[in-house]
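The values are calculated or read from the model by the stated rules, or taken from the named source; none is laboratory data. No experiment lies behind these values; they were computed from the predicted model shown. Note that each Cβ is placed from the backbone with ideal geometry, even for glycine, and that neighbours are counted across all protein chains shown. Protein only, heavy atoms only, side chains kept; ligands, DNA and RNA dropped before computing areas. Shrake-Rupley method; radii C 1.70, N 1.55, O 1.52, S 1.80 Å.
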Amino acid sequence: MRKFLSSVLWALLVFCCCCRTAQAEVFTSISQMTDLLYTEKELVQSLRDYIKAEESKLAAVKSWANKLDALTKVSTSDPEAYLAHPVNAYKLMKRLNTEWSELETLVLQNPSDGFISNMSTHRQYFPDQEDETGAAKALMRLQDTYQLDSEAFSRGKLPGKQGLQSQALLTVDDCFDMGKTAYNEADYYHAVLWLQQALKQLDAGEEAVVSKSDILDYLSYSVYQMGDLPRAIELTRRLVAIDSSHERAGGNLRYFERLLTKQLNEMQQEYQPASEEPIQLGTYSRPRDHLPERETYEALCRGEGLQMNEAKRSRLFCRYQDGNRNPHLLLKPVKEEDEWDSPHIVRYLEMLSDEEIEKIKELARPRLARATVRDPKTGVLTTANYRVSKSAWLEGEEDPIIERVNQRIQAITGLTVDTAELLQVANYGVGGQYEPHYDFSRKDEPDAFKRLGTGNRVATFLNYMSDVEAGGATVFPDFGAAIHPKKGTAVFWYNLFKSGEGDYRTRHAACPVLVGSKWVSNKWIHERGQEFRRPCGLTEVD
């Protein structure tokens, strides 16, 4: 827009200067007047370009308004259900961090006070680049855990939300941005998957802002970083073919070819052209990371590798639990089901009512903050990529319902909650997870709970406050168990033996939420003040 305005102003300046310089003498020379005609023609053309640009800008703004009007009608009709689909959550991060800023820039070219004022008011609440990057990495985490290809994401083909597929689509530009996010993180494995998907959709005729040469540029280098020189050469040749003047393509191609020739000579092999088939999930090996049981953990999340057999199932029972004749449970015992025999894990049905769940969520929402973990070396609480959720801590004095829930946990378990931690409420976002961890303090971190003065964590009482459509299971990699969230129920297990030694079999994880919004609350019960009197159905198995 500034270019057009500059052209108009420059032409007007020339026109006015000519008039002032020649004054009445201009008409005395047709030759000079013809110059003014061409100046006027340039002015008119510049004016038309300016009008066209204004109309184009207005059309773009109208298109945005119409698209987002339809989108917000769907999204605000049931916000939590809409954001339960991870693609919708990622695109919300992307829209507010990137695309709304682009629209702001467009409008600023001809400032609109009302719009800018509104933008300024709400900008403080917008996600930033870190949010957009985090959401993109969450999609990649889901892709890995549940072995989903990029096309499944780009077309919204995920379990549980088939009705939202038409609204949860990733465009060529979305896929390119995903790939570029991975590229900037030096995560070339995921960069290849998403850049390949962007190229596939572009080749299929989908319109995009990003150019094919840009996609090939990033993709060819990412493939090279994955060690696939033949395919890197083939992709770079395609780049040179469509953009022979590209600043890096020619040099990269020569470098890749020399490197491949050297490798083939050393191995005494002949050059085999790379396949032109699109790069699929599984073409390259996923790099290993910090988690030793990664494959076992993710297999359990997918429902694979479960160790529940008929022999184990035959040892599992259900019963009514009255907490060893606790007065609070005599008239209405709680329903207890065995989930696992050794270590013993039980589930309590109808632990929380819908009313109690909604009240707990209402109290927690204003205080939700990024969940932290304790650094095993320093003992300091910090955020970590392997725990992606927000949490809040609620005291019993805040509301009668919180106190009632605390007392119910005490009645059921037979363990005092006077020395327990506050009720922690957690909500998992897009791809929310908590990788395998122990709830208790190990020997290499003896001071983890020293400041509390209540000893180690004896047991974990975990309430599920929502159903989860796909993913989000609590899994135990050591013995191959997977416990799925069911709203209103709770699971309970001991972290310590009676000797006070930690039960290392209880290492567990919260699988990434694939589709849904996962709410939980948990009570960590500590050693101090306990008589280690176990409920009727719950036994310690060495």
Cβ-Cβ below 6 Å, separation at least six or inter-chain, first residue in the range 266-286 and under 17 Å from residue 220 (Cα atoms), second open to solvent by less than 60 Å² (accessible area, probe 1.4 Å) and of a type in the set (Lys, Arg): which pairs? 274/231
So which helices (runs of 4 or more DSSP H) are wholly in the range 147-229 and hold at least 1 residues that are under 23 Å from the mean Cα position of the chain (by Cα) and more than 30 Å from residue 296 (Cβ to Cβ)? 172-184, 188-203, 212-225
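Conditions (1) open to solvent by 60 Å² or more (accessible area, probe 1.4 Å); (2) modelled with pLDDT under 85, marked per residue:
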position	(1), (2)
8	no, yes
13	yes, yes
45	yes, yes
48	yes, yes
75	no, no
85	no, no
101	no, no
Selected residue (criterion: modelled with the highest pLDDT) from residues of the range 361-387 that are crowded, with 17+ Cβ neighbours inside 10 Å and more than 26 Å from residue 443 (Cα to Cα): 363
Output for Cβ contacts, cut-off 8 Å, separation at least six or different chains, first residue of a type in the set (Val, Ile, Thr) in the range 195-211, second at pLDDT 95 or above and exposed (fewer than 14 other Cβ atoms within 10 Å of the Cβ), reads none
When (1) open to solvent by 70 Å² or more (accessible area, probe 1.4 Å); (2) more than 30 Å from residue 304 (Cβ to Cβ); (3) among the hydrophobic types (A, V, I, L, M, F, W, C); (4) at pLDDT 80 or above are applied to residue 108, the one that fails is (4)
Name the one entry in 457, 505, 442 that is in contact (Cβ under 8 Å) with a residue 60 or more places away in the chain and closer than 21 Å to residue 312 by Cβ. 505
Filter pass, residue 496 being touching a helix residue (DSSP H, G or I) at 6+ places or on another chain (Cβ under 6 Å) and open to solvent by less than 30 Å² (accessible area, probe 1.4 Å): no
May I ask you to list the residues in the range 298-351 that are without any contact (Cβ under 8 Å) to a residue 12 or more places away in the chain and not in a loop (DSSP other than H, G, I, E, B)? 299, 310, 311, 313
Inspect all residues belonging to the range 255-264 and state whether any of them is at pLDDT 90 or above, in a helix (DSSP H, G or I) and touching a Cys at 6+ places or on another chain (Cβ under 9 Å). no
The listed residue being farther than 30 Å from residue 140 by Cα, surrounded by fewer than 16 Cβ atoms within 10 Å (Cβ to Cβ) and modelled with pLDDT under 90, out of 269, 280: 269
Residues being open to solvent by less than 10 Å² (accessible area, probe 1.4 Å) and in contact (Cβ under 8 Å) with a residue 40 or more places away in the chain - total across the range 474-493: 11
Flagged in the range 117-146 as at pLDDT below 85, surrounded by 14 or more Cβ atoms within 10 Å (Cβ to Cβ) and not in a loop (DSSP other than H, G, I, E, B), in numbering order, are 119, 131
Taking the range 191-244 and keeping residues open to solvent by 20 Å² or more (accessible area, probe 1.4 Å) and among the charged types (D, E, K, R) leaves 200, 203, 206, 207, 212, 214, 228, 231, 234, 237, 238, 243
Is it the case, given these coordinates, that residue 480 is more than 18 Å from residue 347 (Cα to Cα) and small (Gly, Ala, Ser)? no
Collect the residues in the range 61-111 that are outside any helix (DSSP H, G or I) and without any contact (Cβ under 8 Å) to a residue 24 or more places away in the chain, keeping them in residue-number order. 78, 111
For strands (runs of 3 or more DSSP E) lying entirely in the range 420-480, having 1 or more residues that are under 30 Å from residue 83 (Cβ atoms), out of contact with any Ser or Thr (no Cβ under 7 Å at 6 or more places or on another chain) and β-branched (Val, Ile, Thr) picks out 457-464, 474-476
Which of the following residues is in contact with a Pro (Cβ under 6 Å, 6 or more places away or on another chain) and charged (D, E, K, R): 276, 304, 293, 234? 293
Let me spell it out: the conditions are (1) over 29 Å from the mean Cα position of the chain (by Cα); (2) modelled with pLDDT under 95; (3) not hydroxyl-bearing (Ser, Thr, Tyr), and residue 350 meets all of them except one. Which number is the exception? (2)
Could you please find all residues in the range 293-329 being aliphatic (A, V, I, L, M) and either over 13 Å from residue 412 (Cβ atoms) or touching a Lys or Arg at 6+ places or on another chain (Cβ under 8 Å) (or both)? 299, 300, 306, 308, 311, 316
